[in-house]
1. Relative contact order for the chain: what percent, with Cα pairs under 8 Å and sequence separation of 6 or more?
2. Could you give the nm distance between label points at residue 254 and residue 218, where each point is 7 Å from its Cα heading toward the beta carbon?
3. From the helices alone, meaning DSSP H stretches of at least four residues, give me the mean residue ellipticity at 222 nm for the chain, per-run term -39500 (n - 2.57), in deg cm²/dmol to the nearest 500.
4. What FRET efficiency comes out for residue 44 versus residue 196 if R0 is 35 angstrom and r is the Cβ-Cβ distance? Round to the nearest 0.05.
5. What residues of the stretch 221-254 lie in the reach of a label at residue 182, counting those whose backbone N is under 20 Å from a point 7 Å from the Cα along Cα→Cβ?
6. Using the basic label-point model (7 angstrom from Cα toward the beta carbon), what is the residue 32 to residue 124 distance in nanometres?
7. What residue among 55, 163, 70 shows peak mean-square fluctuation when the chain is described by a Gaussian network model with Cα springs under 10 Å?
8. Using the count of nearby Cβ atoms within 10 Å as a rough guide to exposure, how do 146, 240, 176 rank from fewest to most?
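Derivation of every value follows stated rules applied to the coordinates shown; laboratory data play no part. Worth saying up front: this structure is predicted, and the values here are computed from it rather than measured. In this analysis, Cβ positions are derived from the backbone assuming ideal geometry, glycine residues included, and neighbour counts consider all displayed protein chains.
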Ligand code: OOG
Ligand code: MG
């Protein structure tokens with residue numbers, strides 16, 4: 001059986017050294033359960049370095065992302081304090097292996113979530129919503145992975161940027177979502193592309209958080225998952241995401 005803590009160490013090092021590694025699953029077939037154990041061990045290494053857990057992210061909540069990455073199941077990962085990049089800030093391309101950006105919606109949690117909630121119940125537990133950009137950076141060569149690989153790698157998480165917090169809108173359907181790199185619109189979708197209703201992604205997060213014993217607490221950020229394909233980004237480029245009625249969010253790479 002694969003050694004959970006050794007795999008976590010190698011993923012942690014890959015991120016620190018910005019040096020990709022071979023897919024774990026090619027050498028050590030992991031069950032999904034073991035992959036989530038690796039993820040937990042990987043995050044524990046970050047927490048030992050002084051980071052704090054500040055939220056969760058959902059992945060593969062849209063057909064576009066599932067198609068792009070060839071993985072067809074919901075996944076979830078953990079967000080730490082070191083991953084939060086202030087809106088309109090600059091980040092160094094050299095910190096990443098092969099970064100991609102994607103347009104998302106972020107929820108701010110108003111009070112501790114007691115367990116699994118449905119898409120209507122969950123609205124009461126949110127005090128603000130914002131447009132967001134997720135920066136993902138797989139620790140695997142060529143950004144290629146199986147479901148278990150990507151779960152072990154904390155779902156490619158490395159950074160996220162949140163726009164201005166907006167009051168909760170009970171209806172988050174039919175919002176156009178777009179991603180620009182510099183002057184070019186590189187991806188375009190709708191909030192409906194996120195599980196037909198972004199609140200449903202948050203409901204799924206409450207189910208998975210309960211199942212895996214990682215409670216969603218007051219103040220946490222929950223990223224709903226990308227509505228469109230993710231796009232590679234280079235140094236000296238700026239990414240902006242716009243979600244209609246929620247506004248724009250921007251991050252530059254130097
Ligand atoms: C995995 C992360 C997926 C999303 O929003 O669907 C994700 C990846 O694509 O590398 O963050
Ligand atoms: Mg994402």
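1. Details: 616 pairs, mean separation 72.6, N = 254.
Relative contact order, the chain: 29 percent.
2. Reported label-point gap for residue 254 and residue 218 is 3.8 nm.
3. On the way: 6 runs with 63 residues, N = 254.
Helix-only estimate at 222 nm: -7500 deg cm²/dmol.
4. Working: r = 35 Å, r/R0 = 0.99.
So the FRET efficiency works out to roughly 0.50.
5. Answer for this model: 230-242, 249-254.
6. According to this spin-label approximation, the distance is 3.0 nm.
7. 70
8. Working: 146 18, 240 23, 176 14.
So the residues, fewest neighbours to most, are 176, 146, 240.
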